[in-house]
1. How much accessible surface area, in Å² rounded to 10, belongs to the heavy atoms of MET27 with a 1.4 Å probe?
2. For the residue pair GLU63 and GLN47, what label-to-label distance in nm results when each label sits 7 Å from Cα along the Cα-to-beta-carbon direction?
3. Does the stretch 21-71 come out rounded, prolate or oblate by the C-alpha gyration tensor, with a ≥ b ≥ c the root eigenvalues, rounded set by a/c under 1.5 and, if not, prolate when a/b is larger than b/c and oblate if not?
4. Let me cross-check GLU66: its accessible surface, 1.4 Å probe, with only protein heavy atoms counted, in Å² to the nearest 10?
Amino acid sequence: MNQKKAESKELLPETLEPGQEEEVKRMLYQEVNKARKEWEWAYMVFQEAVGQDNIDVAIYTLEAAERRYQIELKKAKQANVRWNAFQYSSYFE
């Protein structure tokens, strides 16, 4: 079994009860959105930072937020989260 499939199984084990897979995917989708919002906020703070110390802190914060966003996107991709399904509520019906 290749590594991607093994990682995906870690996120979505075969022992999930019916309906749990959608719940896990919903949580991943929400984490991606939360990480994106944090990244957008960090970018805004960076754009408005004044003074070398504030700029340095803003850079570190922005880099951390960007990395977290990348990690959450990777998790969602490995779990085969279908974005349109969440955006248009088909998982929630």
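The values are calculated or read from the model by the stated rules, or taken from the named source; none is laboratory data. If you're wondering where the values come from, they're calculated on a predicted model, not measured in any experiment. With ideal geometry, Cβ positions are generated from the backbone for all residues, glycine too; neighbour counts draw on all protein chains shown. Keep in mind that these areas ignore ligands, DNA and RNA; they rest on the heavy atoms of the full protein, side chains included. Shrake-Rupley method; radii C 1.70, N 1.55, O 1.52, S 1.80 Å.
1. 100
2. 2.2
3. In terms of gyration-tensor shape, prolate.
4. We get 80 Å² for GLU66.
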